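> The structure that follows is given in the form of C-alpha cells.
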C-alpha cells in the first residue's frame, strides 16, 4: 500500500507539472523565444520535482536521473531519434507519398525545441521514471514493459487526431523502444533524448504531424498523402508501418544490450536483481 501511494504521488506531481507547463506553453505559443524558455523551464522543473519526491518517498539516490551520463545519454538518444525518424520519412518519400516543395527555415523551430523538451521530459518521467520502474519491481521487465506501453498508448488517445491504430502503434514504438532504452542503460537520459529527437524531427524538420496533434511548419515545406498504413494518416508518421518496423528494430537492439549487461529482470528474481541494478546504471557498462 505504501508503494501504491508514493507511486500515485509521483505520478500526480509529474502530471501537475506537465499540465502547468502545457498551459503556459499555450499562453506563449505566438512567441517562439518564450516557448523555448517555458518548455525548457518545464523540463527542468519536472526533473527537480521528480528527484525531490523520489528522495523523499523512497529514501535513495536518484541514480536513474543522476548527472553521470547525462550529456552522452541525451546526445546518443537525440542522434538515434533523428536517424530513426529520418529513415521512416525516406521510405515514405521513396514511395512518392512525401513531397518536398522547398526549405523554409523559420524562428518557429526555436519554439519547438522548448515544446518538445517539455513533452519529452515530463512523459519519460511519468512513464519510464515512475510507471515502468515501479511496475518492474513487482512484475519483472517484460510485463512492466507491456503494461506501461499500453498506458502510454492510451495516454495519446486524448490527442485531437488520435485513433486506436495510432495508439496501438505508439504502444509498440514508444512503449517498447523507449522502455528498452531505459532498461538497457538504467538511466532516463537516452529515452529522453530519443523521445525529443524523434518528435523534433517530425515537427521541426520534416513538418509532419506528431502523435495526432496537428500539422507543423518546420524546416522543410512538404506535404504527405497516401495510404494510412504507409503515411500514418491524420495521426502522422507514427501511425505508419515503417515507424513500427524501425522502432521494433531499435527496441530489439536495446533489449539485446540489456540482456548482455544482465539488466533484464525476470519475475521471480525481481527484488534482488533490481537492488543490484540501482547501483550500476551507466552508459559505458
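The values are calculated or read from the model by the stated rules, or taken from the named source; none is laboratory data. None of the values given here were measured: they were computed from a predicted structure. As a convention, Cβ positions derive from the backbone with ideal geometry for all residues, glycine included, and neighbour counts pool all protein chains shown.
> Kindly indicate which of 158, 154, 144 is buried (at least 21 other Cβ atoms within 10 Å of the Cβ), within 21 Å of residue 244 (Cα to Cα) and out of contact with any strand residue (DSSP E or B) (no Cβ under 9 Å at 6 or more places or on another chain).
144
> Also, quick follow-up: Criterion first (outside any loop (DSSP other than H, G, I, E, B), under 21 Å from residue 50 (Cα atoms) and under 12 Å from the mean Cα position of the chain (by Cα)) does residue 179 satisfy it?
So residue 179 passes the test.
> Answer yes or no as to whether residue 64 is under 20 Å from the mean Cα position of the chain (by Cα) and either under 20 Å from residue 205 (Cα atoms) or modelled with pLDDT under 95 (or both).
Answer is no for this residue.
> Still on this structure: Condition first: on the phi < 0 side of the Ramachandran plot, buried (at least 20 other Cβ atoms within 10 Å of the Cβ) and part of a helix (DSSP H, G or I). Can you find one or more residues in the range 93-107 that meet it?
Checked the range 93-107: no residue is on the phi < 0 side of the Ramachandran plot, buried (at least 20 other Cβ atoms within 10 Å of the Cβ) and part of a helix (DSSP H, G or I).
> Conditions first: (1) out of contact with any helix residue (DSSP H, G or I) (no Cβ under 8 Å at 6 or more places or on another chain); (2) more than 19 Å from residue 124 (Cα to Cα); (3) assigned to a helix (DSSP H, G or I). Residue 30 passes all but one, so which condition is the exception?
Result: residue 30 passes all but (3).
> Would you call residue 245 within 18 Å of residue 141 (Cα to Cα), modelled with pLDDT of 95 or more and in a helix (DSSP H, G or I)?
Judged against the criteria, residue 245 is not a match.
> Looking at the structure I just gave you, is residue 157 free of Cβ contacts under 8 Å to residues at least 12 places away in the same chain, in a helix (DSSP H, G or I) and in contact with a helix residue (DSSP H, G or I) (Cβ under 8 Å, 6 or more places away or on another chain)?
It is true that residue 157 is free of Cβ contacts under 8 Å to residues at least 12 places away in the same chain, in a helix (DSSP H, G or I) and in contact with a helix residue (DSSP H, G or I) (Cβ under 8 Å, 6 or more places away or on another chain).
> Another one. Output the residue which, of all residues in the range 222-233 that are in contact with a strand residue (DSSP E or B) (Cβ under 9 Å, 6 or more places away or on another chain) and surrounded by 15 or more Cβ atoms within 10 Å (Cβ to Cβ), is nearest to residue 167 (Cα to Cα).
Step by step, filter the range 222-233, then rank; the result is 232.
> State all residues of the range 1-33 that are over 21 Å from residue 155 (Cα atoms) and either in contact with a strand residue (DSSP E or B) (Cβ under 8 Å, 6 or more places away or on another chain) or touching a residue at least 60 places away in the same chain (Cβ under 8 Å) (or both); if no residue qualifies, say none.
Result: 3, 29, 31, 32, 33.
> Can you find a residue that is buried (at least 20 other Cβ atoms within 10 Å of the Cβ), on the phi > 0 side of the Ramachandran plot and modelled with pLDDT under 95 anywhere in the range 234-242?
Yes, that holds for at least one residue.
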